[in-house]
Amino acid sequence: MDAGTDPHGHAGQPAASDTAPGARRRRGPIRLVARTLWKAWDDGILGQSAQAAFWQALSLPPLLLGLLGSIGFVAGWFGPSTVGMVETEILQFSDTVFTPDVVGQIIQPTVDDILNRGQGAIVSVGFVLSLWAGSSALASLVDAITMAYQQHKVRNPIWQRTFALLLYLVSLLGAVLVLPLLAIGPGVIPRLFPDSVRADVANLVGVFYYPGLGALLVIGLATLYKVTLPRKHPWHRGLPGALLAMVVFLVSSALLRSYISWVTSTGYTYGALATPIAFLLFSFFLALAIVLGAQFNNAILEMWPVHMTRRKRRRWRRREMDRRAARARAESEREAWQRRGDRAGAPRHTAASPTDTAREA
């Protein structure tokens, strides 16, 4: 890391020319958008999104296996109908995002097939098998996010994959606890109030339910931007990218739904591949929105870096000195092994015996 960079991999204090009034006037929305798009394209955001979409398609059945199987452990807390309510909530939310064909031919049959296998098979076998496969999509997003923040070389690749698996487990546990609350919340919250205001509370819950769900998703995405990075930023620095990701995905999803409806009305279809292709496109735009949000946050950090406190600066310098010392030790050990190998492989030159000398004469 260069001396002029902060512990997050970004430029520290701006140069004197950047602090001039003319330079400050150039720091506007256009420059921010241009910086975001340029770096996103340079990092290969389309390829990253396509890779994440592929893994999302493969990870959907394992994800639902682990999710619905784990909810069985907490079903007793919320009632025997919790799994069915969560299933209904998943299908309703999917219906607002995806096309009816994707929901009816991919998501709903997968959920029904999982629930018809029996709770014991889901918990004992399906959950264990879903861990590695279900975390593959999250691992691809973790790689893309760390690259967007220019921190993809900080963490060891093996630990990066292990970290994605652990993050998937934590996310799965959070979903198991939150989804039942979201499913039963609209019906339970009004019962906590007196009969005189119960109807008004039910109306308010109906009005603010989906906005509250959107706010929860933004908070979760901002948290993902923070915990994914080896060198973390303040949590609020992830909010702009999370909001942008939400807007980009909602707009792209609406446009994609309109496009698919128009293509279907014209009679041009892909036959049996139409529904899988539509699901892959939705997954592609979801990954594109998440990675673009990370690129947007990185552009903001480059233009307006985080000012470190003196304590954080000392801690960062100490960690950098430890890392450099560890790298120097590893390099010296590697060179020592190479020297030993060279000495072991070199031919040994021995003095000729008198008999050999006489024969040569």
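Just so it is clear, none of the values below were taken in a lab; they were calculated from the coordinates. Here the structure is a predicted model, which means the values were calculated and not measured. Ideal geometry is used to build each Cβ from the backbone, glycine not excepted, and the neighbour counts take in all protein chains shown.
Based on the Cβ-Cβ distance of R314 and L91, what FRET efficiency does E = 1/(1 + (r/R0)^6) give at R0 = 56 Å, to the nearest 0.05? After rounding, the FRET efficiency stands at 0.60. Counted by Cβ distance under 14 Å from Q105, the other residues give a net charge of -4, where Lys and Arg count +1 and Asp and Glu count -1. Here r is the Cβ-Cβ distance between R327 and I158 and R0 is 25 Å; the resulting FRET efficiency, rounded to 0.05, is 0.90. One decimal place: the segment H307-L250 gains 17.2 nm when fully extended, by the rule 0.36 nm per residue minus the C-alpha distance. For K312, the lysines whose Cα comes closer than 27 Å to its Cα, not counting residues fewer than 8 places off in the same chain, are K153, K226, K232. The residues L67, L301, when put in order of fewest to most other Cβ atoms within 10 Å, stand as L301, L67.
Counting only C-alpha contacts under 8 Å and six or more residues apart, can you give the relative contact order of region 191-300 as a whole percent?
Details: 62 pairs, mean separation 33.6, N = 110.
Relative contact order of region 191-300: 31 percent.
Per-residue 3J(HN,Hα) values for region 286-295, derived from phi via the Karplus relation 6.51 cos²θ - 1.76 cosθ + 1.60 with θ = phi - 60°, read 5, 5, 4, 5, 5, 5, 5, x, 5, 5 Hz in sequence order (x marks Gly and Pro). Couplings 3J(HN,Hα) of region 224-234, computed from phi: 4, 4, 7, 6, 5, 7, x, 10, 7, 9, x Hz, in residue order, whole Hz [Karplus 6.51 cos²θ - 1.76 cosθ + 1.60, θ = phi - 60°; x for Gly and Pro]. The length gained by stretching the chain between Q338 and V170 to full extension, at 0.36 nm per residue less their Cα-Cα distance, is 56.2 nm. Shown in residue order for region 193-205 are the 3J(HN,Hα) couplings computed by the Karplus curve 6.51 cos²θ - 1.76 cosθ + 1.60 at θ = phi - 60°: 10, x, 5, 5, 10, 4, 5, 5, 5, 4, 5, 5, 4 Hz (x for Gly and Pro). Tally Lys and Arg at +1 and Asp and Glu at -1 over the other residues with C-beta under 10 Å from the C-beta of E302: what net charge comes out? Every neighbour counted, the sum reads +2.
Ordered by the number of other Cβ atoms lying within 10 Å of each residue's own Cβ, fewest first, E320, E335 fall into the sequence E335, E320.
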